[in-house]
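Right, one structure below, let's go through it.
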Amino acid sequence: MPRCRIRPPRPPALPRLIPFPSEASAARNAPRQNALFACAAVGATLLAFIALGHDGRRIAQLAMLAAPMVLWLACPLRSVRLRRMRAALVWLWAMGFALDGVMRAYLLDTYQAAPDGAMVLGAAANTNARESTEYLRMHWRSAAVWSAALAAAAVLTGMFVRRGARAASASVAPGVRTRLSFWMKSLVLAVLLLACLAYASKPWRRLHPAVFWTQWSHSVHALRAAWADQQQVRDRMMVRAREIAPVPSEAGPSTVVLVITDSINRDNMALYGYGRPTTPRLLAHKAQAGGQMAVLQNAWSADASTLPALRNMFHFGLPESENPPHLLSLARAAGYKVWWISNHDDLAIEQQHARFADVVDMVNRTPGRASASLDGEILDCMQEALQDASTDRKLIVVHLMGAHPHYSLRFPENANPFDDDVDAVETGLVKDGRSAWVRRFRQEYDAALLYHDFVVSELLQQTRSTGQPHDYRAWMYLSDHGQEVGHGSDRAGHSPSTASGYRIPAMVWRNREALPDGAAQRQPFRSDWTAWTLMDLLKIHWSHQMPERNVLDAAYRWQAPKIPVAVESFSR
Ligand SMILES: [Zn+2]
């Protein structure tokens, strides 16, 4: 009998419970693609922030340093707790790189400076809580913009770090596992290999935000520690000054006052032709003093921030390598009693300059004063110094806050006459496309200048009226550096990258010996040569004299300073 096979009836088509092969691989791919997408999203965000703060090869180097943690997201993890921990760690890692990028981008954008440059390190080491608060009050807009970018990065990475790869659970059919293709594996391996190289190389590794900023903070502390006690350096300077043996060229009483102010741009002084009446008192002095007062029309600083500016001012603009003496040590060696009266609270300046003086009066540090004391506070100290009867040879250095940001703190409340009507200055700023907040800063800056005019004029008046009419007296005033307040760009603050950062006022008054006349007052002057002029005002003779650098001398020869800004002409 033929074997008969009973064919069962064909079953009806079953709903497909098991995926077809192609669908199976799609399901297998889904978590993998999810994880790869998370990697890509976090990686792209990171790369964007790295590119903000770095350029060229550095971007690739930073990307390699950042890569391993980002790739970790593609590595399947079974435990929920482990995955959570990974998400947190990768997020922190990414935020470290983003914060680094934002900090660098801000400094680059605002000061064209790197965080480990001398200017930024010096400023960070030299600042205090009050100054930092004032700085933030002035620059909160850019701080807000950068913080918003950072917050966006935080949210974006926060969303994606949670989508890292999970290991296949037991319920998934064998074979359904997250596997990377050969090419993907090779790519990951190559990146990891490069990352190993990055971490093996010291200069490369040092770029890692965690390493870099730790090192940065060490540098700031080291700088502060180095400043903390410069007594030995000062002692050596004094010995050197006595060896140089400077001598007074004239006997008899002599009072010399040096007023150093901060962040004053001469373009905002009516005395220099500004459209707003910011210097009525100095103009009155000028009219009254006639030939006894010289306003140096084309004064420039050689530095755009306080520390290097003052270093140059007191060390004759000579480089460190030439071991230049300190002006105050020479003055003391020549028999002057020296005062330092300051409205700054500033460690570096105090240690590098102020402590050379016989009498140091840091007015702003006196307990009980308002946290942001106005420059007028120093007038009493000045009067005391002028009345001091212990000597008749005095050098009084007065260090003012001037118009140091924040401008609104540099004049008394309700003393801003420039904020209500629209004048030619305002119209000009609008025409130049300056934003409303820069125009507002300009009004505050000009109000600060008006108050400054009062303080500086008082200091000049005190000098003019002290002692006997025939006693020799001299007074010099200048700013450490300029300030950008919408002059050359739509920003306000210290400005190494625009000429406004270097355009300073400078003037001299003395009651004897003629001063340079009209034409001579238009010769450019550079603040790093101030000490050469001051030695003349102090009437001190010494072996190193350089009359070609003394703006009061007939032999004066201008040489342009090297500043990182293209200046069309130093004579305007
Ligand atoms: Zn300054």
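Do any trypsin sites (Lys or Arg not before Pro) in segment 346-447 lie in a DSSP loop with no more than 15 other beta carbon atoms within 10 Å, and if so, which?
Working: sites: ARG355, ARG365, ARG369, ARG393, LYS394, ARG410, LYS431, ARG434, ARG439, ARG440, ARG442; in loops: ARG369, ARG410, ARG434.
Sites meeting the loop and neighbour criteria: ARG369.
For HIS541, what residues show an amide H to amide H distance below 5 Å, using hydrogens built from the backbone and excluding near sequence neighbours?
It is VAL247, SER249, by chain and number.
Note down the net charge around ASN323, summing +1 for each Lys or Arg and -1 for each Asp or Glu among other residues with Cβ under 12 Å from its Cβ. Let's see the in-between values first.
Values: positive: ARG236, ARG240; negative: GLU243, GLU320, GLU322.
Net of charged neighbours comes to -1.
What does DSSP give for the chain in terms of the percent of beta bridges that are antiparallel, rounded to the nearest 5? Spell out each step's value before the answer.
Numbers: 13 of 42 bridges.
Taking every DSSP beta bridge with both residues in the chain, the antiparallel ones total about 30 percent.
Classify segment 265-368 as rounded, prolate or oblate, taking a ≥ b ≥ c as the square roots of the eigenvalues of its Cα gyration tensor: rounded when a/c is under 1.5, otherwise prolate if a/b is larger than b/c and oblate if not.
Values: a/c = 1.75, a/b = 1.53, b/c = 1.14.
It is prolate, given that a/c is not under 1.5 and a/b is the larger ratio.
For SER254, which sequence-distant residues (separation of 5 or more, or a different chain) have an amide H within less than 5 Å of its own amide H, given hydrogens modelled in the peptide plane?
Sorted by chain and number, the residues that satisfy this are ARG393, LYS394.
Under a cut-off of 27 Å between alpha-carbon atoms, report the lysines in cross-link reach of LYS337, not counting same-chain residues fewer than 8 places apart.
Correct list for LYS337: LYS394, LYS539.
Regarding segment 21-225, what are the three Cα extents along the principal axes, ordered largest first, in Å?
Principal-axis extents of segment 21-225 (Cα, largest first): 67, 35, 28 Å.
For the Cα atoms of the chain, what angle does the longest principal axis make with the long axis of helix 129-161, in degrees from 0 to 90, nearest 10?
Once rounded, the angle reads 10 degrees.
What are the principal axis extents of the Cα atoms in the chain, in Å, biggest first?
On the principal axes, the chain reaches 150, 57, 48 Å in Cα extent.
Just so you know, all these numbers are worked out from the coordinates, no wet-lab data involved. None of these values were measured; they are calculated from a predicted model. Positions of Cβ are generated from backbone atoms using ideal geometry, with glycine treated the same way; all protein chains shown enter the neighbour counts.
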